[in-house]
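Heads up: the structure comes next, in structure tokens.
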Amino acid sequence: MAQVEATTERVVAADAEKVFDALADYSGTRQKLLPGHFSEYEVREGGDGEGTLVHWKLQATSKRVRDCLLEVSEPTDGELVEKDRNSSMVTTWRVTPAGEGKCLVVVTTTWQGAGGIGGFFEKTFAPKGLGRIYDELLAKLATEVEK
């Protein structure tokens with residue numbers, strides 16, 4: 001099994017703190033940012049950053065649906081880490097200042113992929129698909145915080 005990684009980034013015309021707060025607001029803003037690939041969204045504990053437990057289903061392809069139960073931590077300033085209790089998937093959000101009134105948002109998801117030929121296809125195509133999903137989420141984030 002090989003580790004699979006997908007990274008997407010976007011410069012957002014808003015202060016880093018405002019953007020981070022929007023991403024960490026699982027009980028409010030975050031659900032509004034999710035594209036149609038996400039369903040069954042539910043905050044089970046907390047709701048604001050560290051200590052949140054959130055559930056959703058992610059339909060990455062027509063045949064592939066992940067049932068995710070994510071524990072949220074904030075290991076450093078400007079960083080949210082979502083660890084899936086149901087798999088090896090970990091998503092890290094980093095928000096850093098990028099000049100006056102702007103910030104850079106980088107989202108990276110890693111997981112242990114399948115072995116064999118299935119693993120080859122997963123490692124080749126899954127990051128591109130997840131990248132498109134996160135591009136859509138980051139566009140919604142920008143629209144939300146740049147108001």
Across segment 49-69, the tally of residues that are surrounded by fewer than 15 Cβ atoms within 10 Å (Cβ to Cβ) and modelled with pLDDT of 95 or more stands at 4
If we keep only residues of segment 1-31 that are of a type in the set (D, E, K, R) and under 12 Å from the mean Cα position of the chain (by Cα), then the residue surrounded by the most Cβ atoms within 10 Å (Cβ to Cβ) is 30
>> Against the condition assigned to a strand (DSSP E or B) and within 19 Å of residue 102 (Cα to Cα), how does residue 80 come out, does it pass?
In response: yes
Given the conditions (1) surrounded by 15 or more Cβ atoms within 10 Å (Cβ to Cβ); (2) more than 13 Å from residue 141 (Cβ to Cβ), every one holds for residue 44 apart from (1)
Given (1) modelled with pLDDT of 95 or more; (2) within 20 Å of residue 3 (Cα to Cα), residue 126 misses just (1)
Might you check whether a residue that is more than 19 Å from residue 38 (Cβ to Cβ), modelled with pLDDT of 95 or more and not in a loop (DSSP other than H, G, I, E, B) occurs anywhere in segment 105-122? yes
Restricting attention to segment 80-112, the residues that are farther than 15 Å from residue 53 by Cβ, surrounded by 16 or more Cβ atoms within 10 Å (Cβ to Cβ) and in contact with a helix residue (DSSP H, G or I) (Cβ under 7 Å, 6 or more places away or on another chain) number exactly 6
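The values are calculated or read from the model by the stated rules, or taken from the named source; none is laboratory data. Computed from a prediction, not measured in an experiment: that's the story for all the values here. Backbone-built Cβ (ideal geometry, glycine too); neighbour counts: all protein chains shown.
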